[in-house]
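The values are calculated or read from the model by the stated rules, or taken from the named source; none is laboratory data. Computed from a prediction, not measured in an experiment: that's the story for all the values here. Neighbour counts run over all protein chains shown; Cβ positions are idealised from the backbone, glycine included.
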C-alpha cells in the first residue's frame, strides 16, 4: 500500500506534469504552425476593436448568457472558482504579493470555492443526462466531468475538514512541505500526508488530478488555449 | 470500402486541415448552446440536425485518423471508421446544412459548422457520392470560362434582345447603349446571373445613375462552392477576376447571389478592383443622389430577408435597409438583430438541387415562414437568387400570401427622374 501511495504522490505526479506541459506545448505548436485559413471567417456586423470583443467573447461567454442563462451562471461560477483554486495551489508553492492584495489564508474562499465548483460540475454532469445534450455527448465529456468532480471533491474535503470541522492533523504547511519537495526534486512525504486518517483525501485528490493532467493535452480541455484565437477569427 | 479508396479520402480530409479547421475540430465541448441555432432543428426537432451533432460526424473521423487517441483509446471520443455507411451519414449532414453559419453566432467558441461541413462535401466528391448535378453545373461554368469565344456571339444576341426591356424601365438618350458588354476601361463590371431578371433591372439602374459600366460574360453563381470543390470554386472565380483585370475595371459588382458575393469578396484575394454587392451599389447611388425613387410604387408593408452569405457572412446589412426606407414608409424588421435572422433554408446548393430537395426545404424552413408571417408584411424582399427561389417556394407551399421580390427589381421599378 505504501508503495502505491508513494507511486501516486511522487513518480506519477512527475509523469503527469511532464505529459501535461510537454504535451500541451507540442500540440499547441503543431496546431499554430499549420497554414492559416486563406479567407476571413468573420461574422458580421463588425465591432471594433475586434481583439477587445474577442476577449469579451472568450471570457464572458455572451452567447451563452443570451441563449442559456442558467448554464451561463454555472459556467461563469465554474471558471472563476477554477481560477481561484489555481491561485490557491500557486500559493502553496510560495507567497505571491499580488494575490494577497485582499489578505486571506491560503486556499481562499474558506472552502466555499470548492463547494461552488463541485455543484457546478454536478450541474454540468446532470444536464448531459438530458436530451438533446445527451445525444451530443461522447464518453470524453463524462470522463472529464467525473474526473474533475472527484478531484474537486477530495481536494475540497481537506479544506472543509480543517475549516468546518476543526480537523488539525493535516495542515497547509504539510502540503506545502510535500509540494515544495516535489518542486525542488527532493521528494519528501511528511507523516501527516501519508499516515494520518485523512491522508487518503490527499492521495485520491492527487491521483485523480494526475489522471486529468495526463488526459488534458489530448482532450477538449484544450479549449482553454484555443478559445481566444477562435473567437478572434469570428470577430475578424 | 477498400483500403485504397479510404486512403484517398483521408488525403482529401487532410488537405482541408489548416489552423482554423484544427481549432474547430479540437475544441467542441458539446455544451449544446447551438441546439436552437439551426433552422432545420428548430423546424423538425431531430437531434441529427443540431450543429454540434453534424460537426461530430466529421470530428469522429478526425479522432479516428488524425489523433493518436484514435488508435490508443478510440472509444473515449467515439472515434469512427470511414465506411460506406459513414459516407451516407456525411451526405445527410452536409446536404441538410445550408451553410448559413447561424450556429457560429451561438457557439461560445465560434465554431464554423459550414467549414466543417466542407470536409464532408469534399469527401463526398472523392467518394463519387456528391449530387452529380452540382458537379455538372460547375463543370459547365468552367468550360465556358475556358472557351468563352465560342459562347460570345450567342451571348451578344441574347443581350441585344433584352435591351428593349431595359429601355422600358429607363428611357435613355439617343445613341446610348442600354446594355454594354466588353468595354475596356469601364468603371464597374457587373456580374449577373443567367436570366433576364438579373440583368434588366440592374442595367436600368446603372443607366439611370449614369454609371460607366459593362456586363460580364460570365454568370456570377459559383457551383464549385455549392458542391464544396475548392479547385473548381477557384477556377470559376478566376474567370471573373481575369475578365475584370483585362477590362481594367475599378469595381466588380456582384448581382443578387449570396454565394457569388461571398466567394468573390472573401476568396478573390488582393486585387486592383474592389468587390461590392449590387445592394451596396444601389445604396451608394441613393446616398449620392444619382438615382431617385418613387415611394408610391410599393404597396403595403415590406420586410427584408437578410441572405446569410450577404449579411451575417458578408457584412451587408445597413444598405438594404437604407434602400427600403426610400421605397416605403412601412418597413418591418424580421429580427431586432440581423445576424440572428433565420436562413431561408435554400442555401448550400439545396435550391440548385431543385425538386429533389423541395420536400426537405419546405419542412426545414417552417421557422422562416413563422418569422415572415409575424411581420404582417405584404411584400417580402430579398437580395439573393437562392433565397428568392426558396422564399417563393415557401410562399406557395405554406400559402403565405406575400409578394416575394428582388430588392434590385423594386429599385428599378421605382426609378424616377
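If I ask for residues that are crowded, with 19+ Cβ neighbours inside 10 Å and closer than 22 Å to residue A:126 by Cβ, which ones from segment A:79-111 would you list?
If the condition is that a residue be crowded, with 19+ Cβ neighbours inside 10 Å and closer than 22 Å to residue A:126 by Cβ, then A:81, A:85 are the ones that fit.
Each row is one residue, and each column tells you yes or no for (1) within 14 Å of chain A (Cβ to nearest Cβ); (2) more than 25 Å from residue B:99 (Cβ to Cβ); (3) under 18 Å from the mean Cα position of the chain (by Cα); (4) assigned to a helix (DSSP H, G or I).
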| residue | (1), (2), (3), (4) |
| --- | --- |
| B:232 | no, no, yes, yes |
| B:245 | no, yes, no, yes |
| B:249 | no, yes, no, no |
| B:253 | no, no, yes, no |
| B:259 | yes, no, yes, yes |
| B:265 | yes, no, yes, yes |
| B:282 | no, yes, no, yes |
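From the list A:225, A:215, pick out the single residue that is in contact with a helix residue (DSSP H, G or I) (Cβ under 9 Å, 6 or more places away or on another chain), touching a residue at least 60 places away in the same chain (Cβ under 8 Å), under 30 Å from residue B:102 (Cα atoms) and in a helix (DSSP H, G or I).
A:225
Working only within segment B:144-157, note down all residues that are surrounded by 13 or more Cβ atoms within 10 Å (Cβ to Cβ) and out of contact with any strand residue (DSSP E or B) (no Cβ under 7 Å at 6 or more places or on another chain).
Of everything in segment B:144-157, those that are surrounded by 13 or more Cβ atoms within 10 Å (Cβ to Cβ) and out of contact with any strand residue (DSSP E or B) (no Cβ under 7 Å at 6 or more places or on another chain) turn out to be B:144, B:145, B:148, B:151, B:152, B:155.
Based on this model, can you work out whether residue B:63 counts as in a helix (DSSP H, G or I) and more than 10 Å from chain A (Cβ to nearest Cβ)?
No, not satisfied.
So in segment B:284-332, with the set limited to residues that are in a loop (DSSP other than H, G, I, E, B) and loosely packed, with under 14 Cβ neighbours inside 10 Å, which one is modelled with the lowest pLDDT?
Among them, the one singled out is B:299.
Among the residues of segment A:129-146, count how many are assigned to a loop (DSSP other than H, G, I, E, B) and either within 8 Å of another protein chain (Cβ to nearest Cβ) or closer than 19 Å to residue B:69 by Cα (or both).
Residues that pass the stated criteria total 4.
Please go through segment B:180-197 and give me each residue that is under 22 Å from residue B:414 (Cβ atoms) and crowded, with 24+ Cβ neighbours inside 10 Å, ordered by number.
Matches in segment B:180-197: B:190, B:192.
Can you find a residue in segment B:115-135 that is free of Cβ contacts under 8 Å to residues at least 40 places away in the same chain and surrounded by fewer than 21 Cβ atoms within 10 Å (Cβ to Cβ)?
Yes, the conditions are met somewhere in segment B:115-135.
Would you confirm whether or not segment B:267-279 contains a residue that is in contact with a strand residue (DSSP E or B) (Cβ under 6 Å, 6 or more places away or on another chain), within 14 Å of chain A (Cβ to nearest Cβ) and either buried (at least 18 other Cβ atoms within 10 Å of the Cβ) or outside any helix (DSSP H, G or I) (or both)?
Yes - at least one qualifying residue is present in segment B:267-279.
May I ask you to say which residue of B:408, B:392 is away from every other protein chain (no Cβ under 14 Å) and touching a helix residue (DSSP H, G or I) at 6+ places or on another chain (Cβ under 7 Å)?
Answer to the check: B:408.
State the number of residues belonging to segment B:78-128 that are within 17 Å of the chain's Cα centre (by Cα), under 30 Å from residue A:58 (Cβ atoms) and in a loop (DSSP other than H, G, I, E, B).
6
Determine which member of the set A:66, A:36 is in a helix (DSSP H, G or I) and within 12 Å of chain B (Cβ to nearest Cβ).
A:66
So for segment A:6-13 (the condition being away from chain B (no Cβ under 14 Å), more than 25 Å from residue B:28 (Cβ to Cβ), out of contact with any strand residue (DSSP E or B) (no Cβ under 6 Å at 6 or more places or on another chain) and not in a helix (DSSP H, G or I)), does at least one residue qualify?
Yes, some residue in segment A:6-13 is away from chain B (no Cβ under 14 Å), more than 25 Å from residue B:28 (Cβ to Cβ), out of contact with any strand residue (DSSP E or B) (no Cβ under 6 Å at 6 or more places or on another chain) and not in a helix (DSSP H, G or I).
Taking the residues in segment B:2-30 that are at negative phi, more than 24 Å from the chain's Cα centre (by Cα) and facing chain A (nearest Cβ under 7 Å) as candidates, determine which candidate is surrounded by the fewest Cβ atoms within 10 Å (Cβ to Cβ).
If we take residues in segment B:2-30 being at negative phi, more than 24 Å from the chain's Cα centre (by Cα) and facing chain A (nearest Cβ under 7 Å), then B:19 is surrounded by the fewest Cβ atoms within 10 Å (Cβ to Cβ).
Can residue B:160 be described as in the same structural domain as residue B:260 (by TED's automatic domain parsing), surrounded by fewer than 16 Cβ atoms within 10 Å (Cβ to Cβ) and assigned to a helix (DSSP H, G or I)?
yes
Check whether at least one residue in segment A:109-127 is in a helix (DSSP H, G or I) and within 9 Å of chain B (Cβ to nearest Cβ), and report yes or no.
There is at least one residue in segment A:109-127 that is in a helix (DSSP H, G or I) and within 9 Å of chain B (Cβ to nearest Cβ).
Check residue A:47 against each of (1) more than 30 Å from residue B:66 (Cα to Cα); (2) surrounded by 13 or more Cβ atoms within 10 Å (Cβ to Cβ); (3) more than 10 Å from chain B (Cβ to nearest Cβ) and name the one condition it does not meet.
(2)
Out of all the residues in segment B:33-41, is one or more assigned to a helix (DSSP H, G or I), without any contact (Cβ under 8 Å) to a residue 60 or more places away in the chain and either surrounded by fewer than 17 Cβ atoms within 10 Å (Cβ to Cβ) or more than 7 Å from chain A (Cβ to nearest Cβ) (or both)?
yes
Kindly indicate which of B:403, B:399, B:368, B:339 is touching a residue at least 24 places away in the same chain (Cβ under 8 Å) and farther than 30 Å from residue A:39 by Cβ.
Of B:403, B:399, B:368, B:339, the one residue that is touching a residue at least 24 places away in the same chain (Cβ under 8 Å) and farther than 30 Å from residue A:39 by Cβ is B:403.
Go through the residues of segment A:96-106 one by one and say whether even a single one is under 20 Å from the mean Cα position of the chain (by Cα) and part of a helix (DSSP H, G or I).
yes
Quick one: count up the residues across segment A:59-73 that are surrounded by fewer than 20 Cβ atoms within 10 Å (Cβ to Cβ), more than 16 Å from residue A:223 (Cα to Cα) and touching a residue at least 12 places away in the same chain (Cβ under 8 Å).
Qualifying residue count, segment A:59-73: 0.
Can you find a residue in segment A:155-164 that is closer than 30 Å to residue B:77 by Cα, surrounded by 17 or more Cβ atoms within 10 Å (Cβ to Cβ) and free of Cβ contacts under 8 Å to residues at least 24 places away in the same chain?
Checked against the condition, which is being closer than 30 Å to residue B:77 by Cα, surrounded by 17 or more Cβ atoms within 10 Å (Cβ to Cβ) and free of Cβ contacts under 8 Å to residues at least 24 places away in the same chain, segment A:155-164 yields no hits at all.
Return yes or no: is residue A:30 within 12 Å of another protein chain (Cβ to nearest Cβ), touching a helix residue (DSSP H, G or I) at 6+ places or on another chain (Cβ under 9 Å) and part of a helix (DSSP H, G or I)?
yes
Output the number of residues of segment A:180-193 satisfying the condition of being assigned to a helix (DSSP H, G or I), in contact with a helix residue (DSSP H, G or I) (Cβ under 9 Å, 6 or more places away or on another chain) and surrounded by fewer than 17 Cβ atoms within 10 Å (Cβ to Cβ).
Going through segment A:180-193 one residue at a time, the tally reaches 3.
May I ask you to list the residues in segment B:43-55 that are buried (at least 24 other Cβ atoms within 10 Å of the Cβ) and in a helix (DSSP H, G or I)?
B:51, B:52, B:54, B:55, listed by residue number.
Does residue B:291 satisfy the condition of being under 19 Å from the mean Cα position of the chain (by Cα) and in contact (Cβ under 8 Å) with a residue 60 or more places away in the chain?
When the stated conditions are applied, residue B:291 does not pass them.
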